[in-house]
Amino acid sequence: PTLKAAGVGLQSSPALSLASTRVARGTGTPLRDAAEGRRQGCKCSSTPQHAVERAVAGAFGHIGRFVGHNPVSVLVTSVVIAAALSLGLMHVKFEGRSHKLYIPQHDFMAEDSRFIDGAFGVSPE
């Protein structure tokens, strides 16, 4: 078959006729067809992986819609939860004495350090 484009006769090829058929049917590229599940004989909707994917996508869709409809309440709730969980940091005691951190406490060096502290009242820092 011959196609006329801008008054010039073109011979059609099988690839061109396949592309024109896809355009006529309203489908795009083979990759887009596969993404939209339009492959011939596709039974991908019955696999467990596809069911899990749909469930996860649906759950995140619901979360996204909720956040989109209630942005202020989600923001306030997030800040309150973060502040409540951070309250425990006020009670954390940090050890800055290197001899306590890096020397085993049941070592002879630690025992000598405790003896010196008791005898002279000086703590090595």
Ranked order, 93, 100 - accessible area, probe 1.4 Å, largest first: 93, 100
Area accessible to solvent at residue 101, 1.4 Å probe radius, in Å²: 90 Å²
With all protein chains modelled, accessible area of residue 111 [1.4 Å, Å²]: 100 Å²
Stretch gain in nm, segment residue 102-residue 65, where the contour uses 0.36 nm per residue and the Cα spacing is subtracted: 8.2 nm
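The values are calculated or read from the model by the stated rules, or taken from the named source; none is laboratory data. If you're wondering where the values come from, they're calculated on a predicted model, not measured in any experiment. Surface areas here come from the heavy atoms of the whole protein model, side chains and all, with no ligands, DNA or RNA. Shrake-Rupley method; radii C 1.70, N 1.55, O 1.52, S 1.80 Å.
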